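Here's the structure we're looking at; comments come further down.
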Amino acid sequence: MTKVQLNAVRKQFGGFVAIENIDLEIASGELVALLGPSGCGKTTTLRMIAGLERPSGGAILFDDHDVSEQPVQDRNVGMVFQRYALFPHMTVEKNVAFGLSVRGTPRAEIADRLEEMLDVVQLGQFRHRFPAQLSGGQMQRVAIARTLITKPSVLMMDEPLANLDTKLRGEMRRFIRDLQQRFGITTIFVTHDQVEAMELADRVAVIFDGHLAQYDAPDRLYRQPANLDVADFMGATNIVPAAMKADDLAETGVGAIRVAPRPGFGAGETVQVMLRSEAIDLMITQPAQGGVPGKVVARDFFGASVNYTVDCGAHQITVTEQARRLVEVDTPVWLDIDPDRVWLLAS
């Protein structure tokens, strides 16, 4: 297991700065996601860690050893690409064993490690098939097995599930997480999918325009984003401007909302109030602590859950509930908001 550090890492292509002074520490055995929109620099960051790109500045360290100038073949890293990169003329077992074969590993050792790896990825019965005879999920397992069999110190994945359908992506997320925990290998993967990052990663690095916006555990990233850009990217549907009337009271366009006090957001400050849609209770009668009055103006049913759009006057607020009941459009309602589930952001 290997600790990975990025110290003020920078990457410039001509006059374009792709990555600007990123600091990142990935603990030994940790699974970290590099998350962000297309073109933000996450794949460039991964390629620099792998040794496929040389940083323009800063340092990349493996276990406190500077590898910034080391070529990829000297870093003992494994890379799983989005398009699998399998050899179409080779069977599953030959694809998986390829990395050991080119290293000149003895045949007996290759055979032993091949059997172990095919068992781990549950592809033993497909060993004599060619890639064209496999499903997308099976091809991805072959690509992962081919990488893991070489025992890399760091496993890297670039959009590993992008080519799979929704159901298969869910299955492969669980498979990758279980596999990573079984081997305890330091793993870094790139994704633009927020759900994928939160489900898989121990920590998530959100990158915008070459800058690290926030590096945090998934739950903190979701519930306590560092700024408006992160909140918006992580799917915050309700963000309303407010003026702080007291340390625990924000005056918004939909009325006064009780909030949990937060350092730096005292009385007199202009702020943005983030209300997660699933953190609001939709009430037919006014709650004891007051609540925000409104009227349901739209309802979207998703099977297990239902989204309500509630017109509260100055703003429309989205509320997400489990579909245990259905409230009709035009129904007067009250929004019950727990102060501990309100998050304040700088304007």
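The values are calculated or read from the model by the stated rules, or taken from the named source; none is laboratory data. As the structure is a computational prediction, the values presented were derived from the model and not from experiment. Note that each Cβ is placed from the backbone with ideal geometry, even for glycine, and that neighbours are counted across all protein chains shown. Surface accessibility is based on the protein's heavy atoms, side chains included, excluding ligands, DNA and RNA. Shrake-Rupley method; radii C 1.70, N 1.55, O 1.52, S 1.80 Å.
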For this session: Set the Förster radius R0 to 51 Å, insert the Cβ-Cβ distance between V17 and K167 as r into 1/(1 + (r/R0)^6), and round the FRET efficiency to 0.05.
Result: 0.80
For this session: Might you tell me the accessible area per residue for the chain, computed with a 1.4 Å probe and given in Å²?
Result: 47 Å²
For this session: Provide the gained length on full extension for the span V195 to V72, in nm with one decimal, where the gain is 0.36 nm per separating residue minus the Cα-Cα distance.
Result: 41.2 nm
Exercise. For the chain, modelled as a GNM with alpha-carbon contacts under 10 angstrom, which of V190, V310, V329 fluctuates the most?
Worked result: V329
Exercise. When the chain is fully extended, how far beyond the present Cα-Cα distance does F87 get from Q125, taking 0.36 nm per residue of separation?
Worked result: 11.8 nm
For this session: For segment 228-347, give the magnitude of the charge dipole about the Cα centre (Cβ charges: +1 Lys/Arg, -1 Asp/Glu; no others), in debye to the nearest 20.
Result: 120 debye
Seminar exercise, completed: One would report the antiparallel percent of DSSP beta bridges in the chain, rounded to the nearest 5, as 75 percent
For this session: Rank L134, P263, V297 by how far each Cα sits towards the positive end of the charge dipole of the chain (+1 on Lys, Arg Cβ; -1 on Asp, Glu Cβ) and give me just the farthest.
Result: L134
Problem set entry | Residue among F13, F189, F62 with the largest mean-square fluctuation in a Gaussian network model of the chain, springs linking Cα atoms under 10 Å | F13
For this session: Place the peptides 49-57, 129-137 in order of packing, highest mean first, counting for every residue the other Cβ atoms within 10 Å and averaging per peptide.
Result: 49-57, 129-137
For this session: Would you mind checking segment 261-285 for residues with the amide N under 13 Å from a putative spin-label position 7 Å along Cα→C-beta of A243?
Result: 267-271
Exercise. Which order, highest average first, do 297-303, 91-97 follow once you tally other Cβ atoms within 10 Å for each residue and take the mean per peptide?
Worked result: 91-97, 297-303
Seminar exercise, completed: Whole-percent carbon and sulfur contribution to the accessible surface of the chain (1.4 Å, no ligands, DNA or RNA) stands at 49 percent
Exercise. Of the lysine pairs in the chain, how many meet both conditions: Cα atoms under 25 Å apart, and a spacing of 8 or more in sequence or different chains?
Worked result: 6
Exercise. If you stretched the chain out fully between A256 and A304, how much longer would it get, using 0.36 nm times the residue separation minus the C-alpha to C-alpha distance?
Worked result: 14.1 nm
Exercise. In nm, to one decimal, how far is the modelled label at Q316 from the one at A108, with both set 7 Å along Cα→Cβ?
Worked result: 7.2 nm
